[in-house]
Structure formats: C-alpha cells, structure tokens
Amino acid sequence: MIAIAPLEAAQSGSLLGRMSPLLKLGLAALWLVGFVATPRVGPPLALAAAASFAALVLGRVPAGSFLRGIAPLWTAALGIAFFTALFSAANRDPAARIVLAIGALRITDGAVADGLLLGARVVAIAAISVAFARSTSPTALADALVQQARLPDRFAYGALAAYQAVPRLSLDLVALREARRLRGLRGDWHPRLLVALLVLAVRHADRLGLAMDARGFGRGPRSHFRPRRWEPLDLVMGLAGVALLGAVLALA
C-alpha cells in the first residue's frame, strides 16, 4: 500500500530538515544538471555518495528508510547499465577493443563505458532524489513555494493536496477489490477497476476543489500559519552545495 510517512522529530530538527525546501530543491536540480553535463563516471558517483552522506548524517534519515528508498532504483541502475552495454552502438565498431565475446555477441570497451556512465547517472539521480524526499516535508515544501518562490497559493497547495491524495487511491483500490469479492466476482486485477478509480479520483478532486474555494485560495493575500524566511543556515548550506559540485566537476 502506498503511504506518505511524516518526518520524525530528529529529521525535522536536523540540518537538512531546517534548510529551506526551496533551496534543497534548487541544489538537487543543480547537481542533476551538473553531472549530466560531464561524460565521466566519477562525478555522478561522487555526488551520489555526497547525497547519501547528507541524508544519513546531516538529515538523520534512518538507514533502513534510506536503503528501502534507493534499493529499487539502484537495482534498476544495474539493469540499465547491463542492457546499455549489451545493445550499445559501440559494439558494431570493428576497431574497438572487445571485452567479451560469446558467439556472435560482442561487447566492446566503448559499450561498457556507455553502460557504466548511464548506470552511474541513475545511481546519482536515485540518491539525490531519495535524500531530498526523506528530509523534506511536503507541507514545508508547499509553504516555501508560496512564501519564498512567490508561487500562487492555488498551484502550490493544489499540488500538495494531489500528492497527499495518492494514498487515498490505494485505499480506494482495496475497497473496490473487496466490493468485487462481496459480489462474487474476481477480486484480483480487472480493467474495470481503472474506470472505477478514475470516477473516484474525479469525485475526490471535485470535493477538494470546492473545499479550496470555500477557504478562499487564490482570492487575495493570505496569512501563513507556518512562516518561512531565509536563514543564515540556508546561505551556508547553499554555498557548500555549490562549492561541492564545483570541486567534483573540477577534479573530474
């Protein structure tokens, strides 16, 4: 079942937890653009290690929670690296050095390099994304988007409501399956469940839209229950993140 676990007190009070979610989002995007721009394997792996260290030490994310988040993505990275090397166009280069040859199958050093590069990028994307998600409250991110990025209330809090509605869809799916079993029908997967889920999603969205309109979202200035301001910690952590990215790219 899909569930959105709230941040624990230790994570909220950590360095990453007290940073502005908007700054963390900007640094994550900058790191992703930084290692994609380089054709070397080292920078993605170095940034993946830095993101893992930041999540476990600076963000106080439990190791089990972090590993559960990255394990499926890192498994996918291994598969992507393998199949990229297997089907790379570099294998058709007759002048390339052959690393592995089994019958008509040949894998060259260029194909291996392509697979390792793509796999390392997926590893880095997974580590940075999980570190951000495990150390950032969705509500704090919506508050930062409204108060610091000056995005419209209707957009930011509408996205937050849609994100928090994801677990409700899993509960609706369980209820639909149980209802089919009570009527003597098959309770496993059926295409009609998609139609029923779509209908329930539209109903939830309609009620949510009416509730937001009743609370005056998008109708002028609003007060904020959780004020967000730029702090000296944000400046220090932002400069440290940019400096780390520059050092990794320079050393590569």
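The values are calculated or read from the model by the stated rules, or taken from the named source; none is laboratory data. The structure presented is a predicted model; accordingly, all values stated were derived computationally and were not measured. A quick note on method: Cβ atoms are made from the backbone with ideal geometry, for glycine too, and the neighbour counts reach across all protein chains shown.
Being loosely packed, with under 12 Cβ neighbours inside 10 Å and within 30 Å of PHE53 (Cα to Cα) is true for just one of ALA250, ALA214. Which residue is that?
ALA250
Looking only at residues in the range 74-131 that are out of contact with any Ser or Thr (no Cβ under 9 Å at 6 or more places or on another chain) and of a type in the set (Ser, Thr, Tyr), which one is farthest from GLY59 (Cα to Cα)?
Checked the range 74-131; the qualifying residue farthest from GLY59 (Cα to Cα) is THR84.
Residues in the range 91-98: is at least one of a type in the set (Lys, Arg), touching a residue at least 24 places away in the same chain (Cβ under 8 Å) and either in a helix (DSSP H, G or I) or exposed (fewer than 14 other Cβ atoms within 10 Å of the Cβ) (or both)?
Scanning the range 91-98, I find no residue that is of a type in the set (Lys, Arg), touching a residue at least 24 places away in the same chain (Cβ under 8 Å) and either in a helix (DSSP H, G or I) or exposed (fewer than 14 other Cβ atoms within 10 Å of the Cβ) (or both), so the answer is no.
For (1) buried (at least 17 other Cβ atoms within 10 Å of the Cβ); (2) at positive phi; (3) more than 17 Å from the chain's Cα centre (by Cα), each residue gets a yes or a no:
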residue: GLY115; (1), (2), (3): yes, no, yes
residue: VAL130; (1), (2), (3): yes, no, no
residue: ALA142; (1), (2), (3): yes, no, no
residue: ALA156; (1), (2), (3): yes, no, yes
residue: GLN164; (1), (2), (3): no, no, no
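For residues in the range 177-207 being of a type in the set (Lys, Arg) and surrounded by 14 or more Cβ atoms within 10 Å (Cβ to Cβ), which is modelled with the highest pLDDT?
Checked the range 177-207; the qualifying residue modelled with the highest pLDDT is ARG177.
Would it be correct to say that LEU78 is in the same structural domain as GLU231 (by TED's automatic domain parsing), in a helix (DSSP H, G or I) and hydrophobic (A, V, I, L, M, F, W, C)?
So LEU78 fits the description; yes.
Please note which helices (runs of 4 or more DSSP H) are completely contained in the range 1-69 and include at least 1 residues that are within 12 Å of ARG134 (Cβ to Cβ) and at pLDDT 85 or above.
Correct list: 15-18, 21-36, 42-53.
Do we have GLY110 as closer than 24 Å to ALA127 by Cα, modelled with pLDDT under 90 and small (Gly, Ala, Ser) here?
No: the conditions fail for GLY110.
Please go through the range 200-233 and give me each residue that is farther than 13 Å from ALA162 by Cβ, assigned to a helix (DSSP H, G or I) and touching a helix residue (DSSP H, G or I) at 6+ places or on another chain (Cβ under 7 Å), ordered by number.
Hits for the range 200-233 are LEU200, LEU233.
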